[in-house]
Amino acid sequence: MNKYKLLTPGPLTTTSSVKEEMLLDRCTWDDEYKSITQKIRSQLLALAGADAAQYTAVLMQGSGTFAVESVMTSTISKEDKVLIVTNGAYGERLVKMAEYIGLHYAEYKLNYNEQPSENELRSRLQKDLRITHIAMVHCETTTGILNPLEMVSRLSKEYGKTLIIDAMSSFGGMEIDVQGLGIDYLISSANKCIQGVPGFGFVIAKLEKLALCEGIARSLSLDLYDQWKGMDKDGKWRYTSPTHVVAAFSKALDELDAEGGVSARFRRYRNNNRLLREKLARIGIHAYITEDKQSPIITTFLFPGEGFSFGQFYAYIKERGYVIYPGKLTDVDTFRIGNIGEIYEQDIEELCRIIEEYRGVIAQ
């Protein structure tokens, strides 16, 4: 169907069978459609390793950012204070949300190629007793850096803080034991590693925490508590849901299971990423993030030398069947290549061949 494949962190290349689910029109009030919503919620909890007696899954219309903002505006009261860890544009977006909402917050800001330090995080929690919540992006899509989820989860437990994790680009592509780690709110989106299409996000929420959030929300449409209470009755969304997207996502979840679950998908993504980094390094295109901090989702690459034109590079690759991403850094010139979605080793091999060919053409 596509003229090209997306090597991006989402939207991404989906299967024909996921696309085909969107050819049917569905009614939001119909019991069959509402049962799809309930099926999705149950499957998401299973992926998170979360017991339905302790956790729930709430779906929220809009892009992943809508789901993140629903958590920020619905679970942090005006008396609370959130510590936001930032080492990329999406962590910084959390700060922007906090400012819009009017939250009390502190920012633990790092360079884009640095991970948070346990000692520094511990020091901040000890010094500022007003902090009640910690918010962090797990896989920072700005660079592909992977933040230390286990360490941050452990400290949040030790200091009794509510933990909010933006796992937009990692959930479904990497094993995350939400219940074992004690994450209170984990947020992701339909069009990432589960390989659906854009249209809604979702929150895996600890029931005992969410139950205390009635009346906190500063937004009607993004009220996570009300969305949960309504959805829990029979699977009905409060407002018009993206029916075609929901059906496609249900199919994508089934296909994830058929592939062998998260562990199998992680192996495919990791192999794609390893191959990409190794092959491009051989022709002088190097990653911005060191291998020990690199996620298997997306890689940021430095421009290969003076005079490099990303526009020409992008167009050359697209004409040959693949679409990549520009960089988001401000201090270094970069571009990004994702390897999630319906992308396999042969795609990475072909992409690298195209890039090597381009390097040869411009060198002439």
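The values are calculated or read from the model by the stated rules, or taken from the named source; none is laboratory data. Just so it is clear, the structure is predicted and the values come from calculations on it, not from any experiment. Reconstructed Cβ throughout: ideal geometry from the backbone, glycine too, with neighbour counts over all protein chains shown. The accessibility values were calculated without ligands, DNA or RNA, using every heavy atom of the protein model including side chains. Shrake-Rupley method; radii C 1.70, N 1.55, O 1.52, S 1.80 Å.
Collect the residues in segment 334-348 that are in a loop (DSSP other than H, G, I, E, B) and crowded, with 16+ Cβ neighbours inside 10 Å, keeping them in residue-number order.
Matches in segment 334-348: Asn339, Ile340, Gly341, Glu342, Ile343.
Output the number of the condition that Tyr288 fails; it satisfies all remaining conditions of (1) of a type outside the set (Gly, Ala, Ser); (2) farther than 30 Å from Leu45 by Cα; (3) under 18 Å from the mean Cα position of the chain (by Cα).
(3)
When you scan segment 232-324 for helices (runs of 4 or more DSSP H) that lie fully inside it, which ones turn up with 2 or more residues that are out of contact with any helix residue (DSSP H, G or I) (no Cβ under 7 Å at 6 or more places or on another chain) and under 19 Å from Thr143 (Cβ atoms)?
In segment 232-324, 261-282, 310-319 are the helices (runs of 4 or more DSSP H) which contain 2 or more residues that are out of contact with any helix residue (DSSP H, G or I) (no Cβ under 7 Å at 6 or more places or on another chain) and under 19 Å from Thr143 (Cβ atoms).
Within segment 94-113, can you find the residues that are of a type outside the set (S, T, N, Q), in contact (Cβ under 8 Å) with a residue 24 or more places away in the chain and closer than 16 Å to Thr330 by Cβ?
Leu110, Tyr112 - these are the residues of segment 94-113 that are of a type outside the set (S, T, N, Q), in contact (Cβ under 8 Å) with a residue 24 or more places away in the chain and closer than 16 Å to Thr330 by Cβ.
For Thr141, are the conditions met, namely being over 25 Å from Ile216 (Cα atoms) and of a type in the set (S, T, N, Q)?
Considered against the rule, which asks whether it is over 25 Å from Ile216 (Cα atoms) and of a type in the set (S, T, N, Q), Thr141 comes out as yes.
Return the residues of segment 115-154 that are open to solvent by 20 Å² or more (accessible area, probe 1.4 Å), in a loop (DSSP other than H, G, I, E, B) and under 20 Å from Ile176 (Cα atoms); say none if nothing qualifies.
Gln115, Pro148
Out of all the residues in segment 72-114, which are assigned to a strand (DSSP E or B), open to solvent by 10 Å² or more (accessible area, probe 1.4 Å) and hydrophobic (A, V, I, L, M, F, W, C)?
Ala106
Identify, from the list Asp234, Asp254, the residue that is open to solvent by 10 Å² or more (accessible area, probe 1.4 Å), at pLDDT below 95 and over 19 Å from the mean Cα position of the chain (by Cα).
Just a single option satisfies the conditions, and that option is Asp234.
Can we say Glu69 is part of a helix (DSSP H, G or I), among the acidic types (Asp, Glu) and surrounded by fewer than 22 Cβ atoms within 10 Å (Cβ to Cβ)?
Judged against the criteria, Glu69 is not a match.
May I ask you to list the residues in segment 184-194 that are part of a loop (DSSP other than H, G, I, E, B), open to solvent by less than 10 Å² (accessible area, probe 1.4 Å) and closer than 16 Å to Ala252 by Cα?
Ala190, Cys193, Ile194
Can you pull out the residues in segment 9-27 that are among the hydroxyl-bearing types (Ser, Thr, Tyr), buried (at least 16 other Cβ atoms within 10 Å of the Cβ) and touching a Lys or Arg at 6+ places or on another chain (Cβ under 7 Å)?
The answer is Thr13, and nothing else.
Of the conditions (1) without any contact (Cβ under 8 Å) to a residue 12 or more places away in the chain; (2) touching a Leu at 6+ places or on another chain (Cβ under 6 Å), His286 satisfies every one except a single condition; which number is it?
In the conditions (1) without any contact (Cβ under 8 Å) to a residue 12 or more places away in the chain; (2) touching a Leu at 6+ places or on another chain (Cβ under 6 Å), His286 misses (1) alone.
For segment 204-226, name all the residues that are more than 16 Å from Leu103 (Cα to Cα), in a loop (DSSP other than H, G, I, E, B) and open to solvent by 60 Å² or more (accessible area, probe 1.4 Å).
Within segment 204-226, Leu212, Glu214, Leu220, Ser221 qualify.
How many residues, within segment 155-183, are touching a strand residue (DSSP E or B) at 6+ places or on another chain (Cβ under 6 Å), charged (D, E, K, R) and not in a loop (DSSP other than H, G, I, E, B)?
Total satisfying the criteria: 1.
For residues that are free of Cβ contacts under 8 Å to residues at least 12 places away in the same chain and outside any helix (DSSP H, G or I), tally how many sit in segment 29-52.
Adding up the residues that qualify gives 2.
Quick one: is Thr243 in contact (Cβ under 8 Å) with a residue 12 or more places away in the chain, hydroxyl-bearing (Ser, Thr, Tyr) and open to solvent by 20 Å² or more (accessible area, probe 1.4 Å)?
No, not satisfied.
Cβ-Cβ under 7 Å, sequence separation 6+ or interchain: first residue in segment 134-147 and over 22 Å from Lys81 (Cβ atoms), partner open to solvent by 10 Å² or more (accessible area, probe 1.4 Å) and of a type in the set (S, T, N, Q). Which pairs?
Pairs found: Thr143/Asn113; Gly144/Gln294; Ile145/Asn113; Ile145/Gln115; Leu146/Gln294.
Only residues in segment 328-354 that are without any contact (Cβ under 8 Å) to a residue 60 or more places away in the chain count as the first member; pair them with residues that are of a type in the set (D, E, K, R) and surrounded by fewer than 18 Cβ atoms within 10 Å (Cβ to Cβ), Cβ under 6 angstrom, at least 6 apart or cross-chain, and list the lot.
Close Cβ pairs (under 6 Å, with a partner that is of a type in the set (D, E, K, R) and surrounded by fewer than 18 Cβ atoms within 10 Å (Cβ to Cβ)) amount to Ile354/Arg320.
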